[in-house]
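*Asks:* There's a structure below that I have some questions on.
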Amino acid sequence: MATIPAGTYVIDGSHTDVAFTVRHAGISKVRGKFEKVEGTITVGETFADSVANVTIDASSVNTGDANRDGHLRSADFWDAESKPTWTFASTGVEGDGDEFVLNGELTINGVTKPVALDVEFNGSVVDAFGYPRIGFSASTEISRKEFDLTWNAAMETGGFLVGDKVKILLEIEANPQA
C-alpha cells in the first residue's frame, strides 16, 4: 500500500456518501442514500494487514420521498426499529495499487453475507485547514432476497414492483484517528 498512507482513519460522515440504486416497476431506477455512516479504516503496511469496519444507521435512509422512506424502515423491508444498523466488516483484500477488491461480511436485516467491494483509492491530501484526508470510491451489487428483503408487489403487466438486484455505491472520505 505504498500510495495509501498507513494508519487508522475515521470515516468523515459529512463527506461520505453511501447510496443505493434498485430497479422500480421494471422501467426506472430509484436511488437513495443513508445520512448516518460511521466506521474506521486501518491501512496496514501491506494489503493483508488492512481492515475496514462500517456501521450504517438503517433509519437514516433518504430517497427523497418520505412515504417510501417510511416503508423501507418498516418490517416489510429492513425493520429499522428492531434491526437499526447495517454493518460491513472486511475479511481480506485482493490486489494492490490504487484499485483493489475489499472482501467482507455485510449484515442487512439481521442477515450476514459475504460481499466483494470493487475499490478505487482516490488519493490522500492535506486540506486547506491543515487536516490530512484519504478518499475511496467503492461499489458492489447484492440480491435483496439473500438478505431476506422479500417484500414486493406483482404488476398487472407481469414482473414485480421492486427489482432484486441492488447496486451499492460508496464515496468515502476519512481522517486520521486522533
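*Asks:* Carbon and sulfur atoms: what percent of the 1.4 Å accessible area of the chain do they account for?
*Replies:* Heavy-atom surface of the chain belonging to carbon and sulfur, 1.4 Å probe: 52 percent.
*Asks:* Among GLY104, GLY44, GLY159, whose mean-square fluctuation peaks in a Gaussian network model of the chain (Cα, cutoff 10 Å)?
*Replies:* In this elastic network of the chain, the residue with the biggest mean-square fluctuation among GLY104, GLY44, GLY159 is GLY159.
*Asks:* I want to verify a result. In a Gaussian network model of the chain, Cα cutoff 10 Å, which of these has the top mean-square fluctuation: THR63, THR46, THR16?
*Replies:* With Cα springs under 10 Å in the chain, the top fluctuation among THR63, THR46, THR16 is at THR46.
*Asks:* Let me ask something additional. With a 1.4 Å probe and all protein chains in place, put TYR131, TYR9 in order of accessible area, largest first.
*Replies:* Final ranking, largest accessible area leading: TYR131, TYR9.
*Asks:* Send over a whole-number figure in Å² for the accessible area per residue of region 91-135, probe 1.4 Å.
*Replies:* 55 Å²
*Asks:* Fully extended, how many nm does the chain gain between ASP57 and ALA89 (0.36 nm per residue separation, minus their Cα-Cα distance)?
*Replies:* 10.0 nm
*Asks:* Using semi-axes √(5λ) of the Cα gyration tensor in Å as the read-out, say which of [x] 53, 24, 18; [y] 43, 21, 13; [z] 32, 17, 15 was calculated from these coordinates.
*Replies:* [z]
*Asks:* Moving to a separate point now. Please give the Cα centre distance for region 129-150 versus region 46-68, rounded to the nearest Å.
*Replies:* So the separation of the two Cα centres works out to 6 Å.
*Asks:* Along the positive direction of the dipole of the chain (beta-carbon charges: Lys, Arg +1; Asp, Glu -1; about the Cα centre), which of VAL166, PHE121, TYR9 reaches farthest?
*Replies:* VAL166
*Asks:* Hey, quick one: spin label on ALA66, modelled 7 Å out along Cα-Cβ, who in region 29-46 has an amide N within reach, i.e. under 20 Å?
*Replies:* 31-36
The values are calculated or read from the model by the stated rules, or taken from the named source; none is laboratory data. Just so we're clear, the structure is a prediction, and the values are computed from it rather than from any experiment. All Cβ positions, even for glycine, are placed from backbone atoms using ideal geometry, and neighbour counts span all protein chains on display. When the accessible area is computed, the model is the full protein with side chains, heavy atoms only, and any ligands, DNA or RNA have been set aside. Shrake-Rupley method; radii C 1.70, N 1.55, O 1.52, S 1.80 Å.
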